[in-house]
Each structure stands twice: as C-alpha cells, then as structure tokens.
1. Looking at the structure I just gave you, is residue 311 surrounded by fewer than 19 Cβ atoms within 10 Å (Cβ to Cβ), more than 29 Å from residue 199 (Cα to Cα) and in contact with a helix residue (DSSP H, G or I) (Cβ under 8 Å, 6 or more places away or on another chain)?
2. Do the conditions hold for residue 98, that is, is it at pLDDT 95 or above, touching a strand residue (DSSP E or B) at 6+ places or on another chain (Cβ under 6 Å) and either under 22 Å from residue 63 (Cα atoms) or in a helix (DSSP H, G or I) (or both)?
3. In the stretch 353-369, what count of residues is obtained for those that are closer than 20 Å to residue 52 by Cβ and surrounded by fewer than 16 Cβ atoms within 10 Å (Cβ to Cβ)?
4. Within the stretch 342-384, can you find the residues that are assigned to a loop (DSSP other than H, G, I, E, B) and either in contact with a helix residue (DSSP H, G or I) (Cβ under 6 Å, 6 or more places away or on another chain) or more than 15 Å from residue 215 (Cα to Cα) (or both)?
5. Condition first: exposed (fewer than 15 other Cβ atoms within 10 Å of the Cβ), in a helix (DSSP H, G or I) and in contact (Cβ under 8 Å) with a residue 40 or more places away in the chain. Now tell me which residues in the stretch 1-43 satisfy that.
6. Tally the residues that are surrounded by 16 or more Cβ atoms within 10 Å (Cβ to Cβ) and at pLDDT 95 or above, restricting the search to the stretch 375-385.
7. Given the condition in contact with a helix residue (DSSP H, G or I) (Cβ under 7 Å, 6 or more places away or on another chain), surrounded by 21 or more Cβ atoms within 10 Å (Cβ to Cβ) and under 20 Å from residue 198 (Cβ atoms), answer yes or no: does some residue in the stretch 280-294 qualify?
8. For the stretch 215-228, which positions are out of contact with any helix residue (DSSP H, G or I) (no Cβ under 6 Å at 6 or more places or on another chain) and either modelled with pLDDT of 95 or more or not in a helix (DSSP H, G or I) (or both)?
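The values are calculated or read from the model by the stated rules, or taken from the named source; none is laboratory data. Computed from a prediction, not measured in an experiment: that's the story for all the values here. Cβ sites come from the backbone with ideal geometry, for glycine too, and all protein chains shown count toward neighbours.
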Ligand code: ADP
Ligand code: MG
C-alpha cells in the first residue's frame, strides 16, 4: 500500500486541493492458489487478495468531467459524464471508463470528480491489476461519491466483470473481480463460479512462505490467446451439450469428453477443466487439515495440466517454475493468473526463502536474460476505505 501522506501530496500537486473528507482507499491485487482458467467454465477457484494493490484519493471538481491521474501511467483520463462514454486512448482508461459507463446505465447519476491512483502491484502480470482498478473505481463511486451506506461487493464484482467483458473486450470470468472485492485477510476463498456460493478458508501455510515470482514477461490479456481458449471451451460445450445436455464444462465427466469430442486439442482443453476442478476441491480439503505437502503436490499437477493440456505457460513461466521446483525447501510451484507470462507462485520453507529467491533469480536470468521480481506475500482484505 502507498503511504497516505504521499497520496495526499500527489493529489494536491495534481489537482490543487486536498482529497474529499481526507478519505484514502486501497484495492488489492489477487493471487489464485489453484483452479486456473476454470472460472469461465463454471468451476471452483481458490484465490485470495494480496497486500500489493492500488491506493487512491478522490475529490469533487464542480464540473461534469471525471479526471483520473495514475502515477503509473503518462496520460490522464478524462471522461465527460454528460456525453456517450466510448473506449479510446489512453488504453488504461478503458478499465475505469467501462465501470463508470455501466454505473450510469444502472440509473445512478453524479457530478464530476478527480481521482489520483498509485500502485505497487505489477501490471499485466497475472495479479489482477485490471480488476483491482475496476473494483476501486466502482467502490469509490458508491461509497464516497454517492455516499451509499451499504455497499454490495458482489454486485460491484459482477458489474466490473461485465465492464471488462463488454468495454475492454476481455472475456474474463468472475474470479478476479470477486477476489479483489470480497476477500478477507487471513483467508483464501473457495468460490463456486457456477452458483457463486463461496466459503472463506484459513490461508495458513504453516512453516511455508508463499512467494510470488514475476517473470516480467509482459502481456496484455486482450492481445493474448485468452479469448481463443474461451472460444475452444465454447466449441466443446456445443458438442457436449448435444449429446449429454447443457451444463458448465466442468460438469461433464472425462468419459463423456472421450466420447463426444473428436478434436484432440479441444479434448485436452476439456481434460484440464475437469481435472483442475477436482484438484481445487482436494486442495481446499488439504489446506483445511494443514496438509501442505498434498496441497503442494496438487499445485504441481495443476501446472503440468496448464502446460500440456491447456497450453498457457510458455518459455518464461516454464523456466521459472522448473527452477523453483529444483530448489531446496520448495514444496510446490505453479503459474497463476491467465498465463502466457506473468507470475508463478511457490511454497517455500520460511527459513530458506532468501536463498530460494537468490538462486531462482540467477538461474532464471541466465536462461531468459530477464530479471524476475519476487514478493513474499500475505493475504489481505478486499477493496476498502482505509481512512
Ligand atoms: P493484470 O490484470 O493481470 O494485471 P491485465 O492485462 O488484465 O493484467 O490488466 C493490466 C492493465 O490494467 C494495464 O495494462 C493497464 O492498462 C491497467 N492498469 C492496471 N493498474 C493500473 C494503474 N495503476 N495505472 C494505470 N493503469 C493500470
Ligand atoms: Mg486482468
């Protein structure tokens, strides 16, 4: 989290006034412990919010313009709330714009305001900076601008997912926005993406640290093969539903996939969705009874499935995960987020964490020529007003 004084100073320098009611907001990133690429296939996921995220201050500006300045970007975003809101430069503005457009379409009206954000969360790294920014925008509008007394975080999560789907054009599932909006410090959340039923599970890793390894290989989700995977799953559902009736992809059995799907690539995608879903349920039970060994094994198998069946890893992620698994004290490692670059996570004995980070850093740089980033993280609460 960025220091509150630093944020107020940034706000004053940019917009020449102090933030409204001296409020200060924080929206976390998230890491998914297991259950990758199955939120949009109706599966279970197991994410938690992390202590890296986006901080913000806000104030009214007596106009019909919303101005958003990000200390992590060059161009300021301007939105005229009296005019049709459309996507456009700067690209990063599409995330808050999409959210604002949907809130207005829901029938809410408000005046222009200024907002300053600054983030310590890497962007485009699979830690959901996009959802963090969307949920932050919606939360600030409902809590500070509209002064609603009761904020429905699940409603905000859905609205933000819709904004990313329709306005930004990334067909993401509900996991990211849900994890950012609804997480609780000390817990990971088991979420059934089909029914939206969820359960908070203590994220106690015992004598192990959860380390995020950022490959620093950049990707933009909208440019990646993410949407292609979604289309492949849609194709599978079309064929499966003809034979076995309509369900979420994770609801079919491996036997039914074998029978109904002829294309070997689509078959692999389905196999990942179904086996990954089973792994999540086992992983949650393992964590509940403190069986970190089994939890780690499931992480390793999840990564194998993402590498060979879903094919969303790539050279950099494979290199960093392989290197991590070779280190003393590392029980398990896997890619996290959408893949194609971005981050992986590892469970490492606390006392050996420093040694782990320096060894993986050297080996990864030797093979890829890229300097990786490392964060030893803890769980956090969802988007909130800090002061
Ligand atoms: P991820 O969600 O994994 O970080 P995405 O590609 O979905 O990756 O979203 C990253 C994009 O979100 C960035 O390229 C940028 O457009 C926007 N974004 C996130 N955080 C910020 C920020 N602090 N300032 C400006 N834009 C941001
Ligand atoms: Mg994202």
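1. Details: surrounded by fewer than 19 Cβ atoms within 10 Å (Cβ to Cβ): yes; more than 29 Å from residue 199 (Cα to Cα): yes; in contact with a helix residue (DSSP H, G or I) (Cβ under 8 Å, 6 or more places away or on another chain): yes.
So residue 311 passes the test.
2. Working: at pLDDT 95 or above: yes; touching a strand residue (DSSP E or B) at 6+ places or on another chain (Cβ under 6 Å): no; either under 22 Å from residue 63 (Cα atoms) or in a helix (DSSP H, G or I) (or both): yes.
Taking the combined requirement at face value, the residue does not satisfy it.
3. Residues meeting the conditions: 1.
4. Quick first cut of the stretch 342-384, residues assigned to a loop (DSSP other than H, G, I, E, B) only: 342, 369-372, 377-378, 381-383.
Result: 371, 372, 377, 378, 381, 382, 383.
5. Within the stretch 1-43, 6, 21, 22 qualify.
6. Pass one, the stretch 375-385, residues surrounded by 16 or more Cβ atoms within 10 Å (Cβ to Cβ): 375, 377, 379-384.
Then drop every residue that is not at pLDDT 95 or above, which leaves 375, 379-384.
The qualifying residues number 7.
7. Of the residues in the stretch 280-294, the ones in contact with a helix residue (DSSP H, G or I) (Cβ under 7 Å, 6 or more places away or on another chain) are 282-283, 286-287, 294.
After this cut, where a residue has to be surrounded by 21 or more Cβ atoms within 10 Å (Cβ to Cβ) as well, the list is 283, 287.
Then drop every residue that is not under 20 Å from residue 198 (Cβ atoms), which leaves 283, 287.
The answer is yes, given that some residue of the stretch 280-294 is in contact with a helix residue (DSSP H, G or I) (Cβ under 7 Å, 6 or more places away or on another chain), surrounded by 21 or more Cβ atoms within 10 Å (Cβ to Cβ) and under 20 Å from residue 198 (Cβ atoms).
8. 216, 218, 219, 220, 224, 225
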